[in-house]
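Just below is one structure, and these are the notes that go with it.
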Amino acid sequence: MKRFFVDKMSDITELTGEEFEHAKNVLRTSVGEEVVLLDNSGKEYTAVVSAVEKKRMLLNVVRSELGQREAEADVCLLFGYLKNADKNEFIVQKAVELGVKRIGVFSSEFSSAYMNENKLERLNKVAKEATKQCLRSVAPTVVYFDTLEKALAAGAAYENKLFACEFASNSEADLSALQGSTAIVVGSEGGFSRAEAEGAKTLGYKHVSLGKRILRAETAAVALASVVMFSLGEWQ
Ligand code: SAH
């Protein structure tokens, strides 16, 4: 069934803006069709299209249930903003598919990419599209931190705090036996400075190694998120 995000749910719900355009012009959604509406509450609403107008679609909600596809594991991914927009989008898309609940992008000492509102909006759109595609019911909001310190602070409350450190000789955390909420930090193509890596340690982050080879940032982010999901029991 087609899935659409709406701003506000009510018995007769309105679909407007980009979601409406997409529903009408691309997916050719028509009166009488049953679709699923999402409002980021975790619920999924089955609704029937009752009218298709010029600027909006009206839908009657017939039932609602809790989405069944959200991860049990509470995982947050913080990654260094990359120069190549496609790679940032790739990381966001894969993180959503893997079940990551919070996504943060940060600037750091060796990351020179420049973030702006449009780019952040675009990343949030990618997160929403991925959410629908993989049948999740909650789209993570992608947030931007202009310093690594702020990003690390956003991960403070997580039980496991993992810092992918390309110059760590071994892992300080056992990735095969994780339990509890987990924040993952991965650097940009420029990597981390020694001072940044040490600073993360003082905030309770454990350096983890992803093996002998240096992975590209997007490989590292997806690989580490996958391993963490597996370790937390999500792949059963
Ligand atoms: N420019 C850096 C590499 C950056 S790789 C250099 O030349 O050394 C981008 C990010 O991916 C790193 O900051 C780290 O978070 C992660 N990463 C890549 N390979 C890794 C590895 N073998 N172990 C741990 N983290 C790794």
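The values are calculated or read from the model by the stated rules, or taken from the named source; none is laboratory data. In this text the structure is predicted, and so the values were computed from the model without any measurement. Don't worry about glycine lacking a Cβ; one is built from the backbone with ideal geometry, like all the others, and counts go over all protein chains shown. Areas reflect the complete protein model, heavy atoms only, side chains present, ligands, DNA and RNA absent. Shrake-Rupley method; radii C 1.70, N 1.55, O 1.52, S 1.80 Å.
Among Tyr45, Tyr81, which is out of contact with any Asp or Glu (no Cβ under 6 Å at 6 or more places or on another chain) and in the same structural domain as Val100 (by TED's automatic domain parsing)?
Among Tyr45, Tyr81, only Tyr81 is out of contact with any Asp or Glu (no Cβ under 6 Å at 6 or more places or on another chain) and in the same structural domain as Val100 (by TED's automatic domain parsing).
When Val208 is evaluated against the numbered criteria (1) without any contact (Cβ under 8 Å) to a residue 60 or more places away in the chain; (2) buried (at least 21 other Cβ atoms within 10 Å of the Cβ); (3) away from the ligand (no atom under 11 Å from the Cβ), which criterion, by number, is the only one it fails?
(3)
Could you please let me know if Asn118 is more than 30 Å from Phe192 (Cα to Cα) and away from the ligand (no atom under 16 Å from the Cβ)?
no
Show me the strands (runs of 3 or more DSSP E) entirely contained within segment 12-130 in which 1 or more residues are under 30 Å from Ala154 (Cβ atoms) and small (Gly, Ala, Ser).
75-80, 102-106
Could you check segment 134-187 for strands (runs of 3 or more DSSP E) lying wholly inside it with 1 or more residues that are open to solvent by 10 Å² or more (accessible area, probe 1.4 Å) and either of a type in the set (A, V, I, L, M) or at pLDDT 95 or above (or both)?
Correct list: 142-145, 160-164.
Name the one entry in Ala173, Ala130 that is of a type in the set (A, V, I, L, M, F, W, C), without any contact (Cβ under 8 Å) to a residue 60 or more places away in the chain, within 25 Å of Phe230 (Cα to Cα) and in contact with a helix residue (DSSP H, G or I) (Cβ under 6 Å, 6 or more places away or on another chain). Step through it out loud before you land on a result.
Details: Ala173 fails: in contact with a helix residue (DSSP H, G or I) (Cβ under 6 Å, 6 or more places away or on another chain).
One residue alone meets the criteria, Ala130.
Search segment 144-156 for residues that are in the same structural domain as Glu196 (by TED's automatic domain parsing) and pair each with any residue that is polar (S, T, N, Q) and assigned to a loop (DSSP other than H, G, I, E, B) when their beta-carbon atoms are under 6 Å apart and the residues are at least 6 apart or on different chains.
Asp146/Ser107; Leu148/Ser108
Hey, can you tell me all the residues within segment 182-203 that are touching a strand residue (DSSP E or B) at 6+ places or on another chain (Cβ under 7 Å) and either near the ligand (Cβ under 10 Å from one of its atoms) or under 23 Å from Phe230 (Cβ atoms) (or both)?
Once the filter is applied, which keeps residues that are touching a strand residue (DSSP E or B) at 6+ places or on another chain (Cβ under 7 Å) and either near the ligand (Cβ under 10 Å from one of its atoms) or under 23 Å from Phe230 (Cβ atoms) (or both), segment 182-203 yields Thr182, Ala183, Ile184, Val185, Val186, Gly187, Ser188, Ala197.
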